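Written below as structure tokens is the structure these notes are about.
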Amino acid sequence: MNSHPLVLDAEAVDQLLPQIDVLQEMRQLFTELGRKQAVQPAQTLTLLPENKGDFITYLGAASGAGTFGAKLSPYLIQENGPIITAWTILMSMQSGQPLMLCDSGRLTTERTAATTALAVDLLAGKAAQRVAIIGSGAIAQAHWRHIQTLRDWQEVCIYSPNLAANQKLQTEWQELCPAITFAASAEAAALNSDVVMLCTSSGTPVLDEESVAPHALVTSISTNVALAHEITPSFLPAAQVYCDYRETTPSTAGEMLIAARDHGWNAQQVKGDLAELATGSSELPDAGKPVFFRSVGLGLEDIAIANAIYRAARA
């Protein structure tokens, strides 16, 4: 083994990403987690002194890949807005030596979207045809790329408060999805949708739960803001709740913590997680009641995609 670890910046990572099937990497990862071939500790939030921000540490170890490691994602408060970066270190389970240090900005975007896509594939009705996307940036675009072949989508509707005045962004979306339509509000986009993907960096709700159809799957991601949540916590008691990993997500996800505190919901009501769904050990949703899937981002996701980048680089 080369004793010198690879160091890959964002440009090098971007060049290697097209060689990776990120959705398949996530599917394999959660299958291994469901078979107890991987370990996922809880993420930790460390506050920086003098109110200068924080950083989240994501850890994970996978015996199948023979790797373990960590991603550090800081949120650094600055006068002109926060600086958010992410770097992953990948280690060998055989030698204990570092294999790679890489910029994880783009990798985080891709693994976040692919994890949501896996949830859509496992939880959305097979006849789902209408999808709403709330958010329009890089993470939202990655969400669409990863789900576009999973169902026979007949309608794709998007809303973002920045979209109406941004012709360049509208053009990007029309090139990415020629049939896309632009909604006047998040609620208008979600109306009658089979799947609603919340793809924002908001720390507060971006969608009124009243606009969610009784049969819809709502997916939500995370940001570094304390108690961040993209939908009102009162939605949880009315929904069938799934998450990326039941052992850690309920103690981290903002709307779960608030729903437990204020709305009589508790973590025992999580119906299943991706590890259970990937191995067929979880019940699927019942018809006629909305489904909520929450992803907080796992260290194992970072380790899996970093390992895929490492394999591509070594090849």
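The values are calculated or read from the model by the stated rules, or taken from the named source; none is laboratory data. Please read these numbers as outputs of a predicted model, since none were measured by experiment. Note that we place each Cβ from the backbone using ideal geometry, even for glycine, and neighbour counts take in every protein chain shown. SASA here: full protein model, heavy atoms, side chains in, ligands and nucleic acids out. Shrake-Rupley method; radii C 1.70, N 1.55, O 1.52, S 1.80 Å.
Worth pointing out:
- Options I56, I20: the member that is closer than 27 Å to S95 by Cα, surrounded by 13 or more Cβ atoms within 10 Å (Cβ to Cβ), in contact with a Leu (Cβ under 7 Å, 6 or more places away or on another chain) and among the aliphatic types (A, V, I, L, M): I56
- Some residue of region 298-309 being within 24 Å of D194 (Cα to Cα), within 16 Å of the chain's Cα centre (by Cα) and not in a loop (DSSP other than H, G, I, E, B): no
- Pairs with Cβ under 6 Å, 6+ apart, first in region 52-65 and of a type in the set (D, E), second surrounded by fewer than 17 Cβ atoms within 10 Å (Cβ to Cβ) and outside any strand (DSSP E or B): D54/L48
- Which listed residue, of A165, A138, is under 28 Å from E25 (Cα atoms), free of Cβ contacts under 8 Å to residues at least 60 places away in the same chain and open to solvent by 30 Å² or more (accessible area, probe 1.4 Å): A138
- Residue check: L90 meets all listed conditions (1) over 26 Å from T219 (Cβ atoms); (2) open to solvent by 20 Å² or more (accessible area, probe 1.4 Å) but one, namely (2).
- For region 36-43, the condition of being part of a strand (DSSP E or B), surrounded by 13 or more Cβ atoms within 10 Å (Cβ to Cβ), more than 16 Å from the chain's Cα centre (by Cα) and not aromatic (F, W, Y) holds for at least one residue.
- Here the condition is being in contact with a strand residue (DSSP E or B) (Cβ under 9 Å, 6 or more places away or on another chain), in a helix (DSSP H, G or I) and aliphatic (A, V, I, L, M); of L23, L101, L107, it holds for L107 alone.
- Extreme residue, most open to solvent (accessible area, probe 1.4 Å), among residues of region 171-221 that are of a type in the set (D, E, K, R) and part of a loop (DSSP other than H, G, I, E, B): D208
- Residues in region 146-162 that are farther than 13 Å from A189 by Cα and not in a loop (DSSP other than H, G, I, E, B) were compared, and the one that is most open to solvent (accessible area, probe 1.4 Å) is H146.
- Leading residue by the ranking (nearest to L257 (Cα to Cα)) among those in region 222-235 that are open to solvent by less than 20 Å² (accessible area, probe 1.4 Å) and touching a Ser or Thr at 6+ places or on another chain (Cβ under 9 Å): A228
- Qualifying residue in region 113-125 (condition: open to solvent by 50 Å² or more (accessible area, probe 1.4 Å) and either among the small types (G, A, S) or over 17 Å from the mean Cα position of the chain (by Cα) (or both)): no
- Within the option set E79, E32, being without any contact (Cβ under 8 Å) to a residue 60 or more places away in the chain, open to solvent by 40 Å² or more (accessible area, probe 1.4 Å) and over 17 Å from the mean Cα position of the chain (by Cα) holds for one residue only, E79.
- For beta carbons closer than 8 Å, sequence separation of 6+ or different chains, a first residue in region 291-303 that is surrounded by fewer than 24 Cβ atoms within 10 Å (Cβ to Cβ) and a second that is assigned to a helix (DSSP H, G or I) and among the hydrophobic types (A, V, I, L, M, F, W, C), the qualifying pairs are V291/L123.
- Condition check for G288: at pLDDT below 95, surrounded by fewer than 24 Cβ atoms within 10 Å (Cβ to Cβ) and under 19 Å from the mean Cα position of the chain (by Cα): no
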